[in-house]
1. Got a sec? Which of 91, 100, 95, 112 is closer than 23 Å to residue 13 by Cβ and touching a residue at least 12 places away in the same chain (Cβ under 8 Å)?
2. Give the residue that is surrounded by the most Cβ atoms within 10 Å (Cβ to Cβ), with candidates limited to residues of the range 20-42 that are at pLDDT 75 or above and outside any strand (DSSP E or B).
3. How about the range 135-154: which of its residues are part of a loop (DSSP other than H, G, I, E, B), in contact (Cβ under 8 Å) with a residue 24 or more places away in the chain and touching a strand residue (DSSP E or B) at 6+ places or on another chain (Cβ under 9 Å)?
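The values are calculated or read from the model by the stated rules, or taken from the named source; none is laboratory data. Everything quoted here is computed from the prediction, not taken from an experiment. Cβ coordinates were reconstructed from backbone atoms using ideal geometry, including for glycine residues, and neighbour counts include every protein chain displayed.
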């Protein structure tokens, strides 16, 4: 899906195309300068795919917001948005969610359309944005939009 690549691009400003599957959780920190204050974001990169289970919901306690990521080149990740949203809202019904379609740069391999992602996000009660961790397109905007949602400005 590119969750780790999105976090790495946002926190470290770099992209690495070597695939390493996330095991468990990795926590990163980034301070966002807002108009009137600094926002300290702790970004938790959780295992995804079929490896995510109710065992991981303990990590979700206290979550203020989440980017729920769909890989635009894999239709099955669009279908998994329901499951991830259910896990998040079971733990925190008020969690701020932003749905992200990642890998925008791979247009020739795209399996998920803008309309499909828009309909899924609307059905699940959230907004969506498109990103490319590889090129950096939309990454800062996605995290800024999530920060806005968390602070009630989105």
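1. 100 is the lone residue from the list that is closer than 23 Å to residue 13 by Cβ and touching a residue at least 12 places away in the same chain (Cβ under 8 Å).
2. By that ranking, first place goes to 34.
3. The answer is 137, 138, 151, 154.
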